[in-house]
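Below is one structure, written out as structure tokens; the observations come after it.
The values are calculated or read from the model by the stated rules, or taken from the named source; none is laboratory data. These figures come from a predicted structure and were not determined experimentally. FYI the Cβ positions are ideal-geometry reconstructions off the backbone, even for glycines, and counts take in every protein chain you see.
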Amino acid sequence: MSLLDRIESPADLRALTRDELRTLAEEIRARLVDVCSRTGGHIGAGLGVVELTIALHTAFQTPRDQLVWDVGHQGYPHKLLTGRNARMETLRQEGGVSGFLKRTESEYDTFGAGHAATAISAALGMAAARDINGETDLKVVAVLGDGALSCGLAYEGLNNAGHSDRDIVVVLNDNEMSIAPNVGAMHKYLTSIQRNPLYNRVRTKIGEIVDNAPGPVGTIVRKWEESMKSFLTPGVLFEELGFRYFGPIDGHDIDALLDTLAMVRELEGPRLVHVITQKGKGFPAGEHAGGEKWHALPPGHDPATGKQRTTSAANPSYTAVFGKGLAELGHEQPKLVTITAAMPSGTGVGQFAAAHPTRFFDVGIAEGHAVTFAAGLATRGLRPVCAIYSTFLQRAYDNIIHDCAIQSLPVIFAMDRAGLVGEDGETHMGLYDIAYLLAVPNVTVTAPKDGTEMLALLRTGLAHAAGPFSLRYPRDLVPAPVPAVDEIAPIPFGTWEVLRQGSEMAILAVGTMVGASLKAAEALAADGLDVTVVNCRFLKPHDEVTLAAILAQHRQILVVEEGTVINGFGSYIGAVIERQEPGVRVHTHGVPDRIIYAAPRARQLAMLGLDAEGIARRVRALHETEALAG
């Protein structure tokens, strides 16, 4: 039995020798690479924090001490050490181990984490609650990392925690990476110590002196080193924020980590431990997991090389099509600029960056800043495309309203991963963008039915100067090949498309639901039900002319959308229809008011009745109900 197989809880770690802990670290890496080769997952961050995770659970008395992880995909080693090793093959599977931190999964997951930079704020809340409850023996540790110091929320937490003087430990996992390499002044500041030849030479010499010096002399020299370090390392910044600073420490040195953390645990007040790690350490492909390509891997890759074993799909992804089209449009339109929040590969805009580097901006994990920065660009006549996942754009809602919509600035929001996101699970679902953008004045809201229409709407958005313009696309493959962007014309603003004319119920389909609705209509026709299918590519403003024609011909409308039905397009257009034709019955068909958990995307669509079979089933049920009522 391996050491890892013997670990049932962190308490078992405390009986191991340090040599055994080092062996355990290698076993954890091998286990992660093996599991992720089959399940897929965010392998890079987890591989980088193996020794740190072991040391934290050994030095602190978890679960009594509260360990709060930031950016949940750092938590894979944590899951292996907290009773989930035997179930790790179910990672990111339906009903299996979550790919992120989840309070309902384990008492060791003290705070759910799927988005960046939540750890310090949450941990400070726990520390305040501890003090109010009189739990004096309880320690709270926040592990900030994977680029989270490019996120404003982290600074808000640091500012408040340092001022509070509460007993809290912040571990800064500094791996120079988020998904792509980190950007910004703080990144340069943190990495200065690793590249400061003076400090490194002096520290080496100090080590040699201390090794050969008598005890008192060694102590004096070490104190002098700490004074020098305050001038040459990031410690001075954190000290000024109210934290006692320790580091930088080699995050792969078990001895240094254990000694430091054990000492830090016995202190009080705000403390920050700066740990230097390598994202993707130990990945057999040559430790390249730290690169953006290796941040996460899909299922079915070779654990030795990272290469996919499965053959490539016939059609590319929406992300790839968007990125290629955007880069090509950049050649046509010199005013086109692109902004992303630490995800050039994830949103496809890395192609634009390569082709037009002076017009590409990666602002780090700072979605609110990305949006307001885009608004600033727009004030000077540029045409900014802000490419951000739907789930992450939620973090910039105030910026959308205050900085873009109120000022009618022409910022384009390209929302990747809109709708159901499969194995990424509940923290990454893009189910709310339709609802939250429909509520904002001056914003055009669109949803393409396929890859070609996505680029056509992008052209339309670039030509629209009267305010913000949004388009959403899924985490999926395009349903049909897409021509070059110069062969794609813009779509007339505010227009719908009647794809199938029927005599009975009309389906108003949104985006990804257009294809499924057409297939449902074909199946219904075989049953003698003749339905109309409309591609409602413009959700706001809607096509008043086409809607009037539909209402003149149909008494029942079914709105189908891959988003929340609460305040979604069905709710919006239903209110419009109620004012115009109160006698027409409008039904909504979308994602219900509940949390949707990880499963394959196709499975999620089927479970929610958002595939062709489910849509046809809903139409039949409504038709039968109408027939009985009539």
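Key figures for this structure:
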{"quantity": "Some residue of segment 44-57 being within 29 Å of Ala602 (Cα to Cα) and either basic (Lys, Arg) or in contact with a Leu (Cβ under 7 Å, 6 or more places away or on another chain) (or both)", "calculated": "yes"}
{"quantity": "Number of positions in segment 1-35 that are buried (at least 22 other Cβ atoms within 10 Å of the Cβ) and either in a loop (DSSP other than H, G, I, E, B) or not assigned by TED's automatic domain parsing to the domain that holds Leu91 (or both)", "calculated": "1"}
{"quantity": "Any hit, segment 134-143, residues being assigned to a loop (DSSP other than H, G, I, E, B) and either under 18 Å from the mean Cα position of the chain (by Cα) or hydrophobic (A, V, I, L, M, F, W, C) (or both)", "calculated": "yes"}
{"quantity": "Strands (runs of 3 or more DSSP E) within segment 525-630 that include 3 or more residues outside the structural domain of Gly41 (by TED's automatic domain parsing) and touching a residue at least 60 places away in the same chain (Cβ under 8 Å)", "calculated": "538-540, 556-564"}
{"quantity": "Tally of residues being modelled with pLDDT of 90 or more and either buried (at least 24 other Cβ atoms within 10 Å of the Cβ) or aliphatic (A, V, I, L, M) (or both) across segment 59-74", "calculated": "4"}
{"quantity": "Only one of Arg383, Arg417 that is among the basic types (Lys, Arg), over 30 Å from Thr118 (Cβ atoms), modelled with pLDDT of 95 or more and surrounded by 20 or more Cβ atoms within 10 Å (Cβ to Cβ)", "calculated": "Arg383"}
{"quantity": "So Arg38, is it assigned by TED's automatic domain parsing to the domain that holds Val264, in contact (Cβ under 8 Å) with a residue 12 or more places away in the chain and under 16 Å from Leu4 (Cβ atoms)", "calculated": "no"}
{"quantity": "Any pair with Cβ under 7 angstrom, 6 or more apart, that starts in segment 481-497 at a residue that is over 9 Å from Thr452 (Cα atoms) and ends at one that is crowded, with 16+ Cβ neighbours inside 10 Å and among the hydroxyl-bearing types (Ser, Thr, Tyr)", "calculated": "Pro490/Thr460; Ile491/Thr460; Phe493/Thr460; Trp496/Thr546"}
{"quantity": "Those residues of segment 547-570 which are surrounded by fewer than 19 Cβ atoms within 10 Å (Cβ to Cβ) and more than 26 Å from the chain's Cα centre (by Cα), in sequence order", "calculated": "Ala548, Ala549, Leu551, Ala552, Gln553, Arg555, Gln556"}
{"quantity": "Complete set of residues in segment 73-97 that are in contact (Cβ under 8 Å) with a residue 60 or more places away in the chain and under 12 Å from Thr39 (Cβ atoms)", "calculated": "Arg92, Gln93, Glu94, Gly96"}
{"quantity": "Some residue of segment 71-82 being among the basic types (Lys, Arg) and either assigned by TED's automatic domain parsing to the domain that holds Val421 or over 21 Å from Thr277 (Cα atoms) (or both)", "calculated": "no"}
{"quantity": "Flag for Val440 being under 24 Å from Val498 (Cα atoms), in the same structural domain as Leu326 (by TED's automatic domain parsing) and surrounded by fewer than 24 Cβ atoms within 10 Å (Cβ to Cβ)", "calculated": "no"}
{"quantity": "Checking Thr305 against (1) at pLDDT below 95; (2) surrounded by 15 or more Cβ atoms within 10 Å (Cβ to Cβ), the condition it does not meet", "calculated": "(2)"}
{"quantity": "Answer residue from segment 477-513, given it is in contact with a strand residue (DSSP E or B) (Cβ under 6 Å, 6 or more places away or on another chain) and farther than 14 Å from Cys536 by Cβ and is surrounded by the fewest Cβ atoms within 10 Å (Cβ to Cβ) among those", "calculated": "Gln501"}
{"quantity": "Residue within segment 450-463 that is surrounded by fewer than 17 Cβ atoms within 10 Å (Cβ to Cβ) and of a type outside the set (Asp, Glu) present", "calculated": "yes"}
{"quantity": "Residue check, Arg22 in contact with a Phe, Trp or Tyr (Cβ under 9 Å, 6 or more places away or on another chain) and farther than 19 Å from Asp109 by Cβ", "calculated": "no"}
{"quantity": "Helices (runs of 4 or more DSSP H) within segment 198-275 that include 1 or more residues more than 32 Å from the chain's Cα centre (by Cα), among the basic types (Lys, Arg) and modelled with pLDDT under 60", "calculated": "215-232"}
